[in-house]
Structures are given as C-alpha cells and as structure tokens.
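Structure first, then comments.
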Amino acid sequence: MAALTLAEKLIEAHLVDGSLERGGPIALQIDQTLTQDATGTLVMLALEAMDLDRVKTEVSAQYVDHNLIQADHKNPDDHAFLKSAAERFGLWYAPPGTGVSHPVHMERFGRPGATLLGSDSHTCAAGSLGMLAIGAGGVDVAAAMAGEPFRTKMPEILGVELTGELPEGVSAKDVILEMLRRHGVRGGVGKIVEYHGDGLKCLSAMDRHVIANMGAELGATTSVFPADAAVRSFLKAQGRGDAFEEWSADEGCAYDETDTIDLSELVPLIAKPVSPGNVVRVSELEGEPIGQAYIGSSANPGYRDFAVAAAMLDGAQAAPGVSLDINPTSRQILMTLLRDDWLGALLEAGARLHQTGCNGCIGMGQAPASGTISLRTTPRNFPGRSGTEEDSVYLCSPETAAASALTGKITDPCSCAPIPKIAEADQPVRIDMMRAPLPEDEAREVELVKGANVGEMPELDALPDALKLCVLIKAGDDVSTDEILPGGAEVLPLRSNIGKIAEFSFIRVDDTYVENARALSEDFDGHAVIAGENYGQGSSREHAALAPRHLGLRCVIAKSFARIHRQNLINFGIVPLIFASEDDYEAARTGAALSIEGLEEAVKTAEEIEVALGDETITCRLDLSDRERERLAAGGAVNQIRAALAA
C-alpha cells in the first residue's frame, strides 16, 4: 500500500465518492460545521428554505463574533434570529462576547482527524489540530448540515518542511508571511499545504493556528499540521485530552510539490498595502511613523500573542499619537490574561481594550485615522477593509506591532531589548459560554425570531436557455470580495436584508454600478462582469455573489476564479465562464452586449460555449463538475437541495 500524506489520509477517511486522483471530483463526509453571524444568517435562512428539520452533523456551531456593535436594532435583531435558529435546527450557539469563532472552536470542539466545513474563509485555521478544515460558501455549509457531502476537486499537496527553531523576535506570523513572500496570494490555489519536519517542535497548537489561518491568503484549499504532542498538550489544557488522536503522514510519502523553511533563518516580516502577498523585511521600512498598532484577530489569537506584547510594553507606554488597540479573541484568553497580570500591563501601557470578537479585522470599529499607517496582526489588508476608505494597513507579528507602538514608528523587534519566550498557558481559565442544542422535541416548538432587519432567502429562477446581457464592469486581477461587497460597520449589519445590502455592490470598483444595473434597458436579461485572474479572493461572504445577483448579474467571465467565490456564484445561479484566450479579455469592454444561446444543453454536458461579445464571438470554458451543472441548471443550491430533500 502506497505511503500517504496526512492530507490524503484525512481525505481518504472521509471519502464518500471519488478517489485521490488529483483534479478529480471528490465528495467528503462532514463531521462538524462552523458558521458566524456575518454569513450565518443566510445559512439559517437557507435551512428554513430547505425545510430542514434538524442538522445531521456530529457538531454544528453558530458563533456571533463579527457584528457586535449595537448602534441600532440591526445587529441585535440578527443575534436574536441566530439564537432562535440554533435552537430550532439543533446547533450550539455562542452569544456575543464569547469570542472569535476559530479559536473558540479549537477550545471547545476541535478534534484531530475530523472534517470541519465553515462559512468563513479562515475555517482552515483548525488544520492546526490535525483536522481537515475547509472554508466554503454558506449554502454549501447548510447542505452539509442537511447531511450532504461536500464536493470539490481533489487538491494537489504542497509539502512544506520546517527545520530549525525560531530566533528571538520572530514568531509564527513571520512563517506564514514568508510563505506569502515566496508563493503570493495565488500560490496555494488548488492545493492543500501540509507542514511537517523537526521545526514543528517549537510551534504550539496556537502558533500553528496562526500559520493555518492565513493559508486562506495563499488561496489554498486548506492547511494541515500533524496531531502530535503539541496538539495533545493543547487539548489537555482545555480539559479535552480524551479527544486527542495521533495523525501524521506516512514515512516516505510523496508530495506533489515541496518547499523547505529553515525557521532559524527567518527575520521579522511585514506585508505592505494592499495585499497580504506584498511582503518585505520589517528592517526595510524602519522609521516610518505609525498611527495605530492593533493586536489580536483570528490570525494572532493565542494567549502568547497578547502576553508577549504585554511583556514588551511592561513598564512603558505607547508613543504619543499611537492608538494601541487590543482585541482579545476569546473570553477564556481574556480571563487568563487578567489572571496572569498581562492585561494590566497592556492597560498601563495605554492600550484600548475591545470586546472579544473580530471587530477591527472586518472593519467593525478601530478604524485607523486617514493618512496614517496602521500596523495590524490581522490576516488581510485589502483596500478599505479596515473601515477607512484610503487606509494604509500593514500586516505584522505581535512583536513588530508592540515594538513599533513603543517607538511610534515601524521598528524591527530584533533591535529591541531581549524579548521573553512565553508559552501558551497550560492551565487556562476555562470558561464556557456555549449554549447546547435543545432536545429535538423542544426544538420543533421554537419559532424563528425575525426582527425588522431579517428578510427571506430570495427565490431564484432556473437557468434560461439564452441570455442577452450588458457588460457593466471590467475588473483586473485579484479583485477581493471586500471590493465586490464591502464589510464594515455601515454595510455588514444589512446582511439579512439583501435588497439594502445590494446597494453597496462593487462600490470600491465602480460607484456607478448599482445605478447602471437598475437603469438597464428591458432589452437585456441582466448584466455580466468581466474579470482577470483570481476573481473573488478573500472572504467567503456569499453576499458578494447574492447581492449582485439580486441586481441582475447572470454571468461572470474571468481568467480564473478564487475557489469559494466561484462556488458561491454557482450556488446563486450565476454562470462562471473562463476565457479560453487571454486576448479576448484584453478586447472586452464595458458597455458591450454579451449574448449566450444554448445554455441549458451546454451547462448539462459541454466543456466550452461560444459567447457573442460585442462584435466578436469568443470561446469560453465551462469548467464544471456534474453536481455543479445540476445546481446551476436549477438556478442555485437552495432550489436543488430543497428538491433533493423533498424527494
């Protein structure tokens, strides 16, 4: 029997259909699901539209961590709706203030060898525990809750050997920034990144979380680490030692692609605006004045990430004019920092303490001043994501953020006084705010609570045989979902109101888009978008597909798509086509008429389809699995799954 990689072993253990042949279709049984409030409302509306009685997974958990600002009724209305939906459908529920979904899920439910599907692109962070954890669109997660397997293509496996030990001033964030420096934001597309080697010995489970979390920024399907002594130690500290199970690659296994990082040679790194892949040495930027140092988020969620910053700041104060923002990531971590006096050291240093949740990472508060540099330990620095339109966000480690907060300018932490080595707490303050699922008989009596801001899942029509569209946008490469449909305190509270949130579609790409979409002549059946490489990178938010669909988007033609957004387009009946020739992309123009005929038959079986674009006829690829063809023909996932459940 051939030696298998860890990723192959995890996939094989959950394979419902398909094989380990690269690029072939696979179907995976899902053990656990994760939803958060920015995407979870649509998931719950989808469960209602599917007429689901009760989730069929081992564990499904609904977290409230993104939209915590209660400036009016919108967010608390959604919180009440999500609580009632969790009770009705049989989910665990984390009320506001519990913490960021990813570290809390590790604390409470993470289990080596399990599969986890989440409606958040950073679900992949749980790969730190030896799980196969994948981010997906909310409708795909709803399908998994209904007992459907998750279908995707068998990825290639990129094996990354870690050797040596991290030097002082360098931490796990610098490891993933080095990966982004080498491979860029498209380097992981179609791949699982599997870490192995002796260098793992110096990385705790939470250090690995930092690396696995930002695998999403590589475009990877997921990242995996072995379940070893570090994972055993983490689970024991959580009082869940019996959940440990050893998982590792077979000796002599072969990877499709390999890389090696000598940890001892790493230096502090930083990602400049406006991409996580724009990575340079911190020393190259030393001396640049900063206005904010922000520590926390799912990308640096561990106890040591805050404690090391507190140790560096202990007895000193942040430089005048620097907003030092501390964003604790779970109630447990906050209480443990308080017990160990690290919280006091941060507050004495001038830190502003924010509630446990995603907050500034998603543009929900802590926005930086315009015209200033914001150093953040967050995973993304796409334009405007911070909440400030003309922002200047740099991604860095807690050590770099703390050192720079002290000096008021970008500072290499290796130039500071000795930085203490701080381990994760082996006896954290355990605090459980999760609310368990109701018994089935009680759950069936629960009515969904729908306030004024909670709408319904829109009904979508089946795919027509012909479409006459107008090209409203021609976008470049690496357009993110933050640019297609922004986050932030103004927009995200509308996530349950599709008509209202649609008004912000493409506002960072073309602020005339909504007006143009609504003003289209009745001669058109809707509109199309033209895009370059990696269209839809970043957040899994399916509103970036559904909101434009609400305004009449029926087709996107791109050079290539980011995995989750492509699936979200299909889930809402939007045809994703790929240019067969890059010359056709160059010739495409906004305002051009686009016509497609014979769609019904093409979507059923064809690999290519001819498209009339302006005065030319071009060829586009229909790169679809059989299940995706069925879903697209039905007009989207909800239509397809509802019919399947009824049958």
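Taking 0.36 nm per residue of sequence separation and subtracting the Cα-Cα distance, how much length would be gained by fully extending the chain between residue 288 and residue 444, in nm to one decimal?
Values: separation 156, 0.36 × 156 = 56.16 nm, distance 5.87 nm.
Working it through step by step, the gained length comes to 50.3 nm.
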Next on the checklist: Placing +1 on the Cβ of each Lys and Arg and -1 on the Cβ of each Asp and Glu in the chain, which of 471, 18, 202 has its Cα farthest towards the positive end of the resulting dipole?
Outcome noted: 202
Checklist entry - Rounded to the nearest whole Å², what accessible area per residue is found for the chain with the 1.4 Å probe? => result 35
Checklist entry - Can you pull the semi-axes for the range 348-454, root of five times each eigenvalue of the Cα gyration tensor, sorted largest first, whole Å? => result 38, 23, 11
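For the chain, with only Lys/Arg (+1) and Asp/Glu (-1) charged at the beta-carbon, what is the dipole magnitude about the Cα centre, in debye rounded to 20?
Details: 55 positive and 96 negative charges, 269 e Å.
Dipole magnitude for the chain comes out near 1300 debye.
Compute the convex hull volume of the Cα atoms of the range 477-624, divide it by the residue count, and report the result per residue in Å³ as a whole number. It would help to have the intermediate numbers written out before the result.
On the way: hull volume 15.8 nm³, N = 148.
Measuring per residue, one finds 107 Å³ for the Cα hull of the range 477-624.
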Next on the checklist: Once you place label points 7 Å from the Cα toward the Cβ at residue 280 and residue 1, how far apart are they in nm?
Outcome noted: 5.1
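Among the listed pairs 468/500; 74/153; 153/450, which are separated by more than 29 Å between their Cα atoms? Numbers along the way, then the final one.
Values: 468/500 26 Å; 74/153 38 Å; 153/450 37 Å.
Long pairs (Cα-Cα over 29 Å): 74/153; 153/450.
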Item to check | Pairwise FRET efficiency - residue 202 versus residue 267, Cβ, R0 = 22 Å, nearest 0.05 | outcome: 0.85
Checklist outcome for this item: Inter-part gap, Cα centre of the range 416-488 to Cα centre of the range 344-400, in whole angstrom, is 20
Checklist entry - What order do you get for 344-355, 473-484 when each peptide is scored by the mean count of other beta carbon atoms within 10 Å, highest first? => result 473-484, 344-355
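List the GluC sites (Glu not before Pro) within the range 137-212 that DSSP assigns to loop and that have no more than 16 neighbouring Cβ atoms inside 10 Å. It would help to have the intermediate numbers written out before the result.
Numbers: sites: 156, 161, 165, 168, 178, 194; in loops: 165, 168.
Sites meeting the loop and neighbour criteria: 165, 168.
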Next on the checklist: Could you work out [θ]222 nm for the chain from helices alone, using -39500 (n - 2.57) per DSSP H run of at least four and dividing by all its residues? Round to the nearest 500 deg cm²/dmol.
Outcome noted: -8000 deg cm²/dmol
Checklist outcome for this item: One would report the antiparallel percent of DSSP beta bridges in the chain, rounded to the nearest 5, as 35
Next on the checklist: Using only the alpha carbons of the chain, what is the convex hull's orientation-averaged projected area in square nanometres?
Outcome noted: 26.9
Checklist outcome for this item: Distance in Å, no decimals, from the C-alpha centre of the range 107-121 to the one of the range 183-248 is 12
Item to check | Heavy atoms of residue 339: accessible area, 1.4 Å probe, square angstrom to 10 | outcome: 120
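Carbon and sulfur atoms: what percent of the 1.4 Å accessible area of the chain do they account for? Spell out each step's value before the answer.
Working: 10180 of 22330 Å².
Accessible surface attributable to carbon and sulfur in the chain totals 46 percent.
Ranking request for peptides 70-78, 627-635: highest mean number of other beta-carbon atoms within 10 Å first, then the rest in descending order. Display every interim value, and only then the final one.
Working: 70-78: 17.6, 627-635: 20.0.
Descending mean neighbour count gives 627-635, 70-78.
How high is the relative contact order of the range 1-47, in percent, counting Cα pairs under 8 Å that sit 6 or more residues apart? Please report the intermediate quantities before stating the final value.
On the way: 27 pairs, mean separation 10.4, N = 47.
Computed value for the range 1-47: 22 percent relative contact order.
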Checklist entry - Loop-only check: which chymotrypsin sites (Phe, Trp or Tyr not before Pro) in the range 572-602 are DSSP coil with at most 10 other Cβ within 10 angstrom? => result none
Next on the checklist: Over the Cα atoms of the range 188-323, what radius of gyration and what Dmax do you get, in Å?
Outcome noted: 17.8, 55
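Considering only DSSP states other than H, G, I, E and B, which GluC sites (Glu not before Pro) in the range 383-473 qualify as loop sites with at most 15 other Cβ atoms within 10 Å?
Working: sites: 389, 390, 399, 424, 440, 442, 445, 447, 456, 459; in loops: 389, 390, 424, 445, 447, 456, 459.
Here the sparse-neighbourhood loop sites are 389, 390, 445, 447, 456, 459.
Students often check this: by mean Cβ neighbours within 10 Å, which of 13-25, 535-547 ranks highest, and how do the rest follow?
Values: 13-25: 13.8, 535-547: 29.1.
In descending order of packing, they fall as 535-547, 13-25.
The values are calculated or read from the model by the stated rules, or taken from the named source; none is laboratory data. Computed from a predicted structure; not experimentally measured. Glycine also receives a Cβ, built like all others from the backbone with ideal geometry; neighbour counts cover every protein chain displayed. For accessibility, only protein heavy atoms count, side chains too; no ligands or nucleic acids. Shrake-Rupley method; radii C 1.70, N 1.55, O 1.52, S 1.80 Å.
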